[in-house]
Amino acid sequence: GGSKLFFNRLLEMNPAPVIWTSNELHDIDPAVVRRMTVALELRAPPRRQRRRIIEGLSKRYGVEMNDDELDQLALKLDATPAILENAIKAVGLAGGNAAQVERIGLNVMRAVSGGQVKSPPLVALFDPNLVCSNIDLLRLTGQLKAKGSRNFSLCMSGPPGTGKSAFARHLASELGLEVIQKRASDLLGPFVGQSEQNIAIAFQEARELKALLIFDEADSLLLERQGAQHSWEITQVNEMLTWMEEHPFPVCFTTNLMDRIDTASLRRFTFDIRFDYLDRAAIKRAWSIFFQINDPPADGLMFANLTPGDFTKARKQAQVLGLIDKPAELVTILSEIARTKPGQRGGLGFGI
């Protein structure tokens, strides 16, 4: 309300410095925004910066935390400095610990966001001995690290649980880069043009933070354009490819359905990495890592369609059932997992 002319003159001819703050810029008239001398956007800090903030606040308010607790809080509390400070201050007054900081911080985040708090991604550690791929990943990482190049892209395909996202995060760590991970649900919008806008924002955010950008479910973002039935299906792929060519930092795409990806877009990827199921040597290594059994039963090595993710599931089942130290029972669990995987072969031999 009121006179637009009056407000424009107020911004253009004000005799004293004025700082305007807003939580939402989209509702402000562009004619008002362009009259601002400087426009600053303050985003939530990335994980590494959150860790430094939490460490400093914990010392200020007398909340003791070890390095592992600091790392976990920085990962789980994707919050602003004000929320972090209030949570740590409350725990300091109550004489609590890091677990209470997480609980209080998440409660405040739920209240601010209206009850929806995005859970942190499950981060699996990368182990080269548990990965079977068409490229030597350790050698590739070393070459990229030595050369110092950042403007490359990777298309990583293969069955679920083979370690695609884990390798992407390992690569980012070796290159000293933050990680921004986007799922299809984060980008695809119900309105025409919204998906393209979200894709552009993701690339801009990665450029500003100098981060490695991971797109999960790439088959939903790079659909084959020849079979497109709607114009937005084509413009969405075009938008993604245009940003890929101009982006100065690494971009990783992961997919379980390589045959659905647009064939013309494949030539845009610098590296095409195909992940496969564990071979015999890798399965033996998995027994040692997940079950602490260095000499597994012979029938426990005769599987053709298992992944590190399957061993994680088997370990959880065994822990719940109290069978973690019984090799024969572990073989049965792995056999059932292999048998129920759709469209794949199960273990070799016979199970009793």
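The values are calculated or read from the model by the stated rules, or taken from the named source; none is laboratory data. This structure is a prediction, so every number in the text was calculated from the model and none was measured. We place every Cβ from the backbone using ideal geometry, glycine too, and count neighbours over all the protein chains shown. Keep in mind that these areas ignore ligands, DNA and RNA; they rest on the heavy atoms of the full protein, side chains included. Shrake-Rupley method; radii C 1.70, N 1.55, O 1.52, S 1.80 Å.
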Checklist entry - So which residues in the stretch 269-305 are under 30 Å from V237 (Cβ atoms) and of a type in the set (D, E)? => result D272, D276
Checklist outcome for this item: For A168, the lone unmet condition from (1) under 30 Å from K341 (Cβ atoms); (2) open to solvent by less than 40 Å² (accessible area, probe 1.4 Å); (3) of a type outside the set (F, W, Y); (4) not in a helix (DSSP H, G or I) is (4)
Checklist entry - Limited to the stretch 266-300, what total is found for residues that are farther than 24 Å from M156 by Cβ and open to solvent by 50 Å² or more (accessible area, probe 1.4 Å)? => result 6
Next on the checklist: Checking the condition modelled with pLDDT under 90, out of contact with any Cys (no Cβ under 7 Å at 6 or more places or on another chain), buried (at least 17 other Cβ atoms within 10 Å of the Cβ) and not in a helix (DSSP H, G or I), which residue from V117, V108, V123 passes?
Outcome noted: V117
Next on the checklist: Please go through the stretch 255-265 and give me each residue that is out of contact with any Pro (no Cβ under 7 Å at 6 or more places or on another chain), open to solvent by 10 Å² or more (accessible area, probe 1.4 Å) and not hydrophobic (A, V, I, L, M, F, W, C), ordered by number.
Outcome noted: D259, R260, T263
Checklist outcome for this item: Over the stretch 195-211, the set of residues in a helix (DSSP H, G or I) and surrounded by 14 or more Cβ atoms within 10 Å (Cβ to Cβ) is S195, E196, N198, I199, A200, A202, F203, E205, A206, R207, L209
Checklist entry - Within the group S165, S185, which residue is in contact (Cβ under 8 Å) with a residue 60 or more places away in the chain and of a type in the set (S, T, N, Q)? => result S165
Item to check | Conditions (1) within 30 Å of F191 (Cα to Cα); (2) open to solvent by 20 Å² or more (accessible area, probe 1.4 Å); (3) in contact with a Ser or Thr (Cβ under 9 Å, 6 or more places away or on another chain): number failed by H247 | outcome: (2)
Checklist entry - Take the residues of the stretch 38-74 that are small (G, A, S), within 30 Å of L25 (Cα to Cα) and not in a helix (DSSP H, G or I): which is least open to solvent (accessible area, probe 1.4 Å)? => result A44
Item to check | Test result for G189, out of contact with any Phe, Trp or Tyr (no Cβ under 8 Å at 6 or more places or on another chain) and over 21 Å from L222 (Cβ atoms) | outcome: no
